[in-house]
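The values are calculated or read from the model by the stated rules, or taken from the named source; none is laboratory data. Remember, it's a predicted structure, so these values are computed and weren't measured experimentally. Cβ placement follows ideal geometry from the backbone for every residue including glycine, while neighbour counts extend to all protein chains displayed.
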Amino acid sequence: MRRLLNKYKLGFAALLVLGMGAGLFYFVANLNRAESEQEPESSIPTAIVYDTTLEDNLGLYKEEDQFKVYEVYLTVYTGLDSKSGESFDLTRLNQIEGTTFDPELKVNVFVTDPDTGEVVAGEEGESLNATIELRGQSARNFDQKSYKINLSKQTRLFQGQQKLNLNKHISDDTRVTQKFAFDAMIGLSHFTSVRTNFMHVQIKDGTDPTAAYVDYGLFTHVENVDDEYLKVRSLNENATFLKPVDFAFTVAESEQVHSNVDAELILRDINQPGDDKLLEMITAINEPGTAFDDIFDYYFDRENYLTWIALNILLNNYDTMSRNFLLYSPSNVDKWYFLPWDYDVSMISPSEWETSEYAKWFGLQRYWGVSLHRKFFQTPENVVALSEKIDSLYQAMMQDGIEEKAQNYREIYEKYVVASQADRTYLEEAKGEEPSDILERISQMPATLSYNYATYYERLEAPMPFYLDTISEQADGIAMNWEDAVDLQNDVLSYEVSIFTNPDDPAASSIWSQTTTSNQVLAENVGLADGIYYWQAVAVDNNGNRQFSFDRCKLEPGYRRPVRFGMKKFSVQNGVIKEADDSETPLP
């Protein structure tokens, strides 16, 4: 951030503090270009446009539930796996790994309010009033499981919710970022949040008459997102409601969904599928030669979209390029809205983030590989609007007592995680984590948010990511080519191209390198012995800001980290270059 402020001197620094600096720069830098370009004619559909604003039901959220930890008691009996017919008890349920088995066991459950001791869901006793099953796909492979409780309609529901999703959030050692993120969304205009609750869970084996409740530690209940989610918010119950699995807004993906060919690998239907509606929108936004901003405003709500992007950047919820969000489109309109989902890998500490492969891209760079986002932010005014939205959300979060929240999270963590034998043993032995380090990470949440905010502005200065194309042997050398990188400031770009043998240290193991202003190069007089090699092209602007490509490759056995980003792998066999046929998707 210091380099950014020095570059534009005090006037720009003052504007940045007010949340306008970056926006003014991009507007001025591109003003002449924008005025001189002739916009193509719009091809907006002629259907009636309804003016709708997405609104949440704020009455669903209880202020006292931010830091309240409900006590949950489960007595688990037996149940059957619907696929195999095998009988399972609590012990076997907790031993499941993978998706081969998916049994549903009978339970008695009751939930108490820690302040009053009152039973607020279920009923105490031995009556069967719910079922329990494992939840999540990757979560099943860990020793600590996450559970889904389906309450009987005849018993007391939890705040009107029939399903309790008890999550361990194994990828989040702080166990609090999901709660922090969804609480921060409450009350945002053109957006909805998801109800969350901390829950301390104790489980008893109902098949053993002598068994006592065992402390399973801290969980986070996350509201089930389904048709009931829409109903209690007075949203359209006949809406198309989708959860992307791996969806980059391409026509090919939408056609695959429309034809129902392995559609579940791309999108999962939560409510109504709306395949025709989806295909129409995707076809329109990918149509070349159209006025994209007009098309965007017809099919999307600008404020909703900017809020979703800005939240992801501020919280560094980096895995949202093609998944971990929801798409909602009411039945009576053509608009689509982005809704939040899954923030358990957000708010990563700066020290941990900077050692991650994903740190090569931050902010807008994360979204540049998806045509929808790339087209939208190629308009300078849209980058201005995003910066203003990020400024506004950052200031609101910092003024909303984030230091006090971090302290409350620390106290919850000490009482329900550090003091829990199950949680503490898992963190220390399975994860190799010291509770004191995690407590410090929670304390540093305000600093982490500020780091994310500053890094967004710093990385706007760098070129956007691109894709490497092919490497091949020609008569006069080795030919490499790649996409042109885009620089939002229209800086002059060059590319540092190299062939190397060690993906952990490209510079030290370089066999050939060259700097060029072209997006293709010919490496002459390079003799490569049979073996494994890597190549990359790094975009560099005239201020020294660097950017890696979006490519990634699998490494040979023996490397600590099996995947590397920003490079491609190839081999030489009997003197012939062969590009690696990795199964990794090109999207990071």
Checklist entry - Are any residues in region 477-509 in contact (Cβ under 8 Å) with a residue 12 or more places away in the chain and of a type in the set (Asp, Glu), and if so, which ones? => result Glu483, Asp484, Asp487, Asp491, Glu496, Asp504
Checklist outcome for this item: Within region 510-529, the residues that are free of Cβ contacts under 8 Å to residues at least 40 places away in the same chain, closer than 13 Å to Gln474 by Cα and of a type in the set (Val, Ile, Thr) are none
Next on the checklist: Quick test for you: out of Tyr457, Tyr416, pick the one residue that is touching a His at 6+ places or on another chain (Cβ under 6 Å) and surrounded by fewer than 22 Cβ atoms within 10 Å (Cβ to Cβ).
Outcome noted: Tyr416
Checklist entry - Any chance region 241-251 includes a residue that's over 28 Å from Glu381 (Cα atoms) and assigned to a loop (DSSP other than H, G, I, E, B)? => result yes
Item to check | Answer from Thr355, Thr307 - the residue that is part of a loop (DSSP other than H, G, I, E, B) and either polar (S, T, N, Q) or surrounded by 20 or more Cβ atoms within 10 Å (Cβ to Cβ) (or both) | outcome: Thr355
Checklist entry - Only one of these conditions is not met by Glu496: (1) surrounded by 15 or more Cβ atoms within 10 Å (Cβ to Cβ); (2) among the acidic types (Asp, Glu); (3) not in a strand (DSSP E or B). Which number is it? => result (3)
Item to check | Count - residues of region 154-207 that are surrounded by fewer than 18 Cβ atoms within 10 Å (Cβ to Cβ) and at pLDDT below 95 | outcome: 1
Checklist entry - Hey, Arg424 hits all of (1) surrounded by 15 or more Cβ atoms within 10 Å (Cβ to Cβ); (2) modelled with pLDDT of 95 or more but one; which does it fall short on? => result (2)
Item to check | Within region 385-412, considering residues that are more than 13 Å from Leu449 (Cα to Cα) and hydrophobic (A, V, I, L, M, F, W, C), the one farthest from the chain's Cα centre (by Cα) | outcome: Ile412
Checklist outcome for this item: Within region 361-409, the count of residues that are buried (at least 20 other Cβ atoms within 10 Å of the Cβ), charged (D, E, K, R) and over 14 Å from Ile313 (Cα atoms) comes to 1
Checklist entry - Among Tyr343, Tyr299, which is surrounded by 23 or more Cβ atoms within 10 Å (Cβ to Cβ) and out of contact with any Pro (no Cβ under 7 Å at 6 or more places or on another chain)? => result Tyr343
Item to check | Residues that are more than 20 Å from the chain's Cα centre (by Cα) and surrounded by fewer than 22 Cβ atoms within 10 Å (Cβ to Cβ), drawn from region 217-228 | outcome: Asp227, Glu228
Next on the checklist: Let me spell it out: the conditions are (1) assigned to a helix (DSSP H, G or I); (2) at pLDDT 95 or above, and Leu74 meets all of them except one. Which number is the exception?
Outcome noted: (1)
Next on the checklist: When you scan region 265-272, do you find a residue that is in a helix (DSSP H, G or I) and modelled with pLDDT under 95, even just one?
Outcome noted: yes
Item to check | Search result, residues across region 462-476 that are without any contact (Cβ under 8 Å) to a residue 40 or more places away in the chain and either in the same structural domain as Lys375 (by TED's automatic domain parsing) or surrounded by 16 or more Cβ atoms within 10 Å (Cβ to Cβ) (or both) | outcome: Asp469
Checklist entry - Since Val232 meets every condition but one in (1) under 28 Å from Tyr394 (Cα atoms); (2) of a type in the set (A, V, I, L, M); (3) surrounded by fewer than 18 Cβ atoms within 10 Å (Cβ to Cβ), which condition does it not meet? => result (1)
Checklist entry - Inside region 455-480, can you point out the residues that are farther than 30 Å from Gly575 by Cβ and touching a Lys or Arg at 6+ places or on another chain (Cβ under 9 Å)? => result Glu458, Glu461, Ala462, Pro463, Met464, Pro465
Checklist entry - In the list Asp342, Asp391, which residue meets the criterion of being out of contact with any Phe, Trp or Tyr (no Cβ under 7 Å at 6 or more places or on another chain) and in a loop (DSSP other than H, G, I, E, B)? => result Asp342
Item to check | Residues satisfying the stated conditions in region 550-579, i.e. touching a residue at least 60 places away in the same chain (Cβ under 8 Å) and of a type in the set (Gly, Ala, Ser) | outcome: Gly566
Next on the checklist: For region 558-585, give me each residue that is in a loop (DSSP other than H, G, I, E, B) and at pLDDT 90 or above.
Outcome noted: Gly566, Met567, Asn574
Next on the checklist: Pairs needed: first member in region 340-354, farther than 17 Å from Ser443 by Cα and not assigned by TED's automatic domain parsing to the domain that holds Val176; second member anywhere, in a loop (DSSP other than H, G, I, E, B) and among the β-branched types (Val, Ile, Thr); C-beta distance under 6 Å; at least 6 residues apart or different chains.
Outcome noted: none
Checklist entry - Of all residues in region 284-304, which are out of contact with any helix residue (DSSP H, G or I) (no Cβ under 6 Å at 6 or more places or on another chain), of a type outside the set (Phe, Trp, Tyr) and outside any loop (DSSP other than H, G, I, E, B)? => result Asp293, Asp294, Asp297, Arg302, Glu303, Asn304
Checklist entry - Of the numbered conditions (1) in a loop (DSSP other than H, G, I, E, B); (2) surrounded by 19 or more Cβ atoms within 10 Å (Cβ to Cβ), Ser331 satisfies every one except a single condition; which is it? => result (2)
